[in-house]
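S.K.: Just passing along the structure, written as structure tokens.
The values are calculated or read from the model by the stated rules, or taken from the named source; none is laboratory data. Keep in mind it's a predicted model, so treat the numbers as computed, not measured. Every residue, glycine among them, receives a Cβ derived from its backbone with ideal geometry; neighbour counts consider all protein chains shown.
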Amino acid sequence: MALVTNDAARLASSEHTRPRLALLQAGLPLVRLFGPEHGLTAAADDGARVDDGTDPLTGLPVVSLYGERMRPDAAHLAGLDAVLFDIPDVGARFYTYAWTLWHVLHACAEAGIPLVVLDRPNPLGGMLEAAEGPMLSDDCRSFIGEDDIPLRHSLTLGELARLWQREHCPNALLEVICCEAWEPSRAWPAFALPWVPTSPAMPAFDSAIWYPGTCLFEATNVSVARGTDAPFTTIGAPWMNAEAIAPSIQVAGVTCSPTTFTPAQGPYRGERCEGVRLSLDVRVFGAPAIAEFVARDHRPVALGLRLLHAVNKQHPSEFAWAPYPTAANPSGHNHLARLIGRREVAGLIGTLTHEQSGATIAEWTRVDDWRSRVASILLYDRTP
């Protein structure tokens, strides 16, 4: 067997134990590991090429799926009886672990090898009414979006694999081993398990809460606070008027506060930035209810688009779209279209008046028939 995994995957019963070691100790004949973006360590920089190597924990060879190749070659699958997949996700379409699964599913289907997904919770919850678009247009497909799913999809990776088997890989030999006791109506804090960073800029659940919306700023000359203790909860630039931007976010339960920070990576590295920080206001609904708020009522994509509109309107001379080079997109061009899934957003968002922006953002984030499309592949009870 081979295993697609990284160090973010841990046992629920032992936060320090990597499943690849536990599987070997349980007698599974693992002979090869596959690593996604950020590598087996989950510590490589965003978008950086990762080379093949050897796992110091198990001594197994590691084949990188983010660099020279994005899916296993036939030679890497030859002689295997099955491929296992065990990587935690964060519930956003442009987080690349889902697309590593997409490519592994296709490669296994072509090779006639069973794929077993060891499913894990969607940390944002799984309520379908909380899913947010845009859906992905065909002309925006890339390694951060290979299929027309919502930006916040509200599924687990196991459910996505079942959807792709039905719609794209009917010959795939797929099995999904479900999470025990996962409740889609509650987000990660409800389960009292430690958060293991899924990548360098996802050090805490707080970053995952806002990531589906604030990651859109990666296509601009605005910092998302990479290299600080609060990436994706904070955006800013040396030229930003934070006091003018903060009031643009008026959402029950959400606080948008002026702040200062100095990013260690990305735009304005080492420079003092003025910006805003997003947080959930515990006083509104109490700490225990945060997990339900995030799963049911939180709309990070719409919020991120409102914030993008506010910065664009407040700073028309300073704000700019910017390329974002990665191993999957070396030129970095058209990054917003790849992130958001629609090419017209970059040209339109700065032209909208405040009055127009609400209706337009609501239209962009619609998911239409998503619930009916996924009804037959769901693995967990979504009863309201």
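S.K.: Restricting to the range 130-159, and then to whatever is in contact with a helix residue (DSSP H, G or I) (Cβ under 8 Å, 6 or more places away or on another chain) and over 19 Å from ILE340 (Cα atoms), can you tell me which residue is surrounded by the most Cβ atoms within 10 Å (Cβ to Cβ)?
M.R.: Ranking the candidates gives LEU157 first.
S.K.: Could you name every one of the helices (runs of 4 or more DSSP H) located completely within the range 287-384 that has at least 3 residues being of a type in the set (A, V, I, L, M)?
M.R.: Values: elements: 290-296, 300-314, 335-340, 345-348, 354-364, 370-374.
Ranges flagged: 290-296, 300-314, 335-340, 345-348, 354-364.
S.K.: A follow-up question, please. Looking at (1) touching a residue at least 40 places away in the same chain (Cβ under 8 Å); (2) surrounded by fewer than 18 Cβ atoms within 10 Å (Cβ to Cβ); (3) outside any strand (DSSP E or B), which is the only condition ALA264 fails?
M.R.: Among (1) touching a residue at least 40 places away in the same chain (Cβ under 8 Å); (2) surrounded by fewer than 18 Cβ atoms within 10 Å (Cβ to Cβ); (3) outside any strand (DSSP E or B), ALA264 violates only (1).
Here's the yes/no breakdown for (1) free of Cβ contacts under 8 Å to residues at least 24 places away in the same chain; (2) touching a Cys at 6+ places or on another chain (Cβ under 7 Å); (3) not hydroxyl-bearing (Ser, Thr, Tyr); (4) not assigned by TED's automatic domain parsing to the domain that holds ALA9:
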position: GLN165; (1), (2), (3), (4): no, no, yes, no
position: PHE191; (1), (2), (3), (4): no, no, yes, yes
position: ASP229; (1), (2), (3), (4): no, no, yes, yes
position: GLY236; (1), (2), (3), (4): no, yes, yes, yes
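S.K.: Taking the range 166-192 on its own, how many of its residues are of a type outside the set (A, V, I, L, M) and under 16 Å from LEU118 (Cα atoms)? Before the answer, list the steps.
M.R.: Taking the range 166-192 as the starting set, the residues that turn out to be of a type outside the set (A, V, I, L, M) are 166-171, 175, 178-180, 182-186, 188-189, 191.
So of that shortlist, the ones also under 16 Å from LEU118 (Cα atoms) come out as 175, 178-180, 182.
The total comes to 5.
S.K.: Does at least one position in the range 79-86 carry a residue that is buried (at least 22 other Cβ atoms within 10 Å of the Cβ) and farther than 30 Å from PHE232 by Cβ?
M.R.: There is at least one residue in the range 79-86 that is buried (at least 22 other Cβ atoms within 10 Å of the Cβ) and farther than 30 Å from PHE232 by Cβ.
S.K.: Here is a further query. Of the residues that make up the range 165-185, is at least one touching a helix residue (DSSP H, G or I) at 6+ places or on another chain (Cβ under 6 Å), within 22 Å of TYR380 (Cβ to Cβ) and surrounded by 24 or more Cβ atoms within 10 Å (Cβ to Cβ)?
M.R.: No.
S.K.: Does the range 20-38 contain any residue that is part of a strand (DSSP E or B), modelled with pLDDT under 95, over 22 Å from the mean Cα position of the chain (by Cα) and not aromatic (Phe, Trp, Tyr)? Spell out the reasoning first.
M.R.: Step one: list which residues in the range 20-38 are part of a strand (DSSP E or B), which gives 32-35.
Right, trim to modelled with pLDDT under 95 and you get none.
No, the range 20-38 has no match at all.
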